[in-house]
Amino acid sequence: MRIGVEEEFHVLEVESGLLVPRAEAVLEHLPKRTFTTELHQSTVESNSGVHTSLDDLYADLTETRRRLDKAAASSGLAVMAAGTAPLAPAASAHPTADARYLHMTEEYRRIADEQLICGAQVHVDVPDRDTAVRAMCVVSPWLPVLLALSASSPFWQGADTGYASWRTLVWQRWPTAGPAGCFASAAEYDAAVEDFVRAGIISDTGMIYYDVRPSSHLRTLELRVCDACPRAETVVLIAGLFRALVTVARERLRAHGGPVCTGRHEWLRGATWRAARSGLEGTLVDPETHREAPAPQVLRKLLVRLRPALEAHGDWDTVRSLARSALAEGSAARRMRRTAQDEDLLACVDMLIAETRGERARGLRDPSRPSAVGGSRSAVLRRALPEAIGR
């Protein structure tokens with residue numbers, strides 16, 4: 001069961017830390033097969049290779065990030081993996097000149113205008129489309145845990161939202177976003193998707209934005225619920241857990257000889273909200289009891305549940321170690337808030353860029369000294385930032 005990852009990155013101006021619509025300046029230095037545009041020109045996307053081991057996936061992700069960082073730096077820019085950019089001016093929307101994207105901005109207006117968010121998607125091999133569709137029902141109850149691990153978007157246009165993943169709330173405004181329903185077959189799923197298209201709700205099948213879905217062009221099941229992650233290690237952890245979830249789902253489907261549904265899924269939207277609100281630092285909804293439980297407890301329950309599958313893939317030691325680190329250090333949202341409190345949002349941006357590059361050490365920075373991303377942060381610039389964010 002091979003895995004692959006798509007990552008989205010914000011494009012920032014180095015000196016100010018502000019989101020800027022200069023994706024093309026970055027992409028012109030990179031191969032189109034691996035790197036591409038997104039809805040807005042402030043975002044670039046990378047596509048990993050296909051891997052069987054988490055070690056190989058990690059090597060791929062870190063090398064891809066190095067190439068992206070180098071390409072951005074050549075234009076005086078930086079890239080950052082996080083659900084939202086802490087310093088994103090209100091007028092940041094600059095759609096990519098593509099017919100599909102331009103239609104989306106015209107049809108969905110403010111929803112598309114405010115799509116200044118980045119996610120990480122994980123693909124896992126499945127033998128056929130029927131398996132992918134049926135597995136969605138089995139894996140869905142545990143996806144809020146993966147969202148909590150990825151939470152990296154507490155800030156929106158310069159303010160703390162009170163959420164660990166504000167990206168989730170922005171994302172769920174699309175008419176097809178959120179938890180997936182249960183379908184007995186690929187034919188049933190495809191018919192439901194076609195109903196959306198015929199009704200004019202979406203223009204194409206690629207606009208099905210469920211938290212998990214069968215890929216529209218690959219023989220994979222695709223995880224879509226997660227924020228972009230500053231640390232590549234977090235992406236690897238989520239990829240390992242998701243592959244194990246799909247493995248367990250496939251085993252259950254084989255054992256039952258057909259579709260498996262554990263019951264009604266209306267509670268999942270609330271469980272997703274809970275994960276977006278609290279991340280790893282609060283409570284989650286336990287998928288087995290449907291009751292509140294501390295996030296570390298729910299994550300440990302997931303690890304126990306998935307251990308046989310993780311061991312079968314040779315992933316147990318890696319995933320257990322990364323999970324322990326995640327619980328010890330907290331979510332990216334927590335690190336971001338701590339940095340913003342100790343210093344300011346510019347320092348938070350510096351930290352995210354450094355983590356995207358693979359740098360982990362962080363210390364308090366003298367505002368008069370060069371930042372982690374190069375350049376300097378003058379007092380005049382700091383005073384101007386709140387006004388820039390409000391425009």
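Read-outs throughout are calculated quantities, based only on the coordinates presented, and are distinct from any laboratory measurement. Please read all numbers here as calculations on a predicted model, not as lab measurements. Note: ideal-geometry Cβ built from the backbone for every residue, glycine included; neighbour counts use all protein chains shown.
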What fraction of the DSSP beta bridges in the chain is antiparallel, stated in percent and rounded to the nearest 5?
95
Nearest-20 debye value, region 140-227 charge dipole, Cβ charges on Lys, Arg, Asp, Glu:
120
For region 150-243, the convex hull over Cα atoms projects on average to an area in nm² of 7.5
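Between rounded, prolate and oblate, where does region 158-201 land on the alpha carbon gyration tensor, with a ≥ b ≥ c its root eigenvalues, rounded for a/c under 1.5, else prolate if a/b exceeds b/c?
Working: a/c = 6.46, a/b = 2.32, b/c = 2.79.
Oblate, because a/c is 1.5 or more while a/b does not exceed b/c.
Expressed in nm to one decimal, what extension gain is obtained for the pair Arg66 and Arg305 from 0.36 nm per residue of sequence separation less their Cα-Cα distance?
Details: separation 239, 0.36 × 239 = 86.04 nm, distance 3.50 nm.
Going from the current span to full extension adds 82.5 nm.
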Cβ-placed point charges (K, R +1; D, E -1), dipole of region 41-143 about Cα centre in debye, nearest 20:
240
Largest first, please: the extent of the C-alpha atoms of region 125-204 along each principal axis, to the nearest Å.
45, 30, 18
Taking springs between alpha-carbon atoms closer than 10 angstrom, which of Asp60, Asp317, Asp125 fluctuates most in the Gaussian network model of the chain?
Asp317
For the chain the mean separation of alpha carbon contacts under 8 Å (6+ apart) over residue count, i.e. relative contact order in percent, is 21
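Quickly estimate the mean residue ellipticity at 222 nm for the chain, helices only: each DSSP H run with n ≥ 4 gives -39500 (n - 2.57), and the total goes over all residues, rounded to 500.
Working: 15 runs with 182 residues, N = 391.
Taking each H run of at least 4 residues, the total per residue is -14500 deg cm²/dmol.
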Relative to the compact-globule scaling 2.2 N^0.38 Å, provide the ratio for the alpha-carbon radius of gyration of the chain.
0.95
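Output the relative contact order of region 1-132, whole-number percent, from Cα pairs under 8 angstrom with separation of 6+ residues. Write down the numbers at each step before the final one.
Working: 229 pairs, mean separation 47.8, N = 132.
After rounding, I find 36 percent.
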Can you tell me the dipole magnitude for region 155-198 around its Cα centre, using point charges on the Cβ only (Lys, Arg +1; Asp, Glu -1), in Debye to the nearest 20?
220
List every residue whose amide H lies under 5 Å from the amide H of Phe183, counting only residues 5 or more places away in sequence or on a different chain, with H placed 1.01 Å from N in the peptide plane.
Cys137
Projected onto the charge dipole of the chain (+1 at Lys/Arg Cβ, -1 at Asp/Glu Cβ, origin at the Cα centre), which of His256, Ala323, Ser203 gives the Cα projection farthest towards the positive end?
Ala323
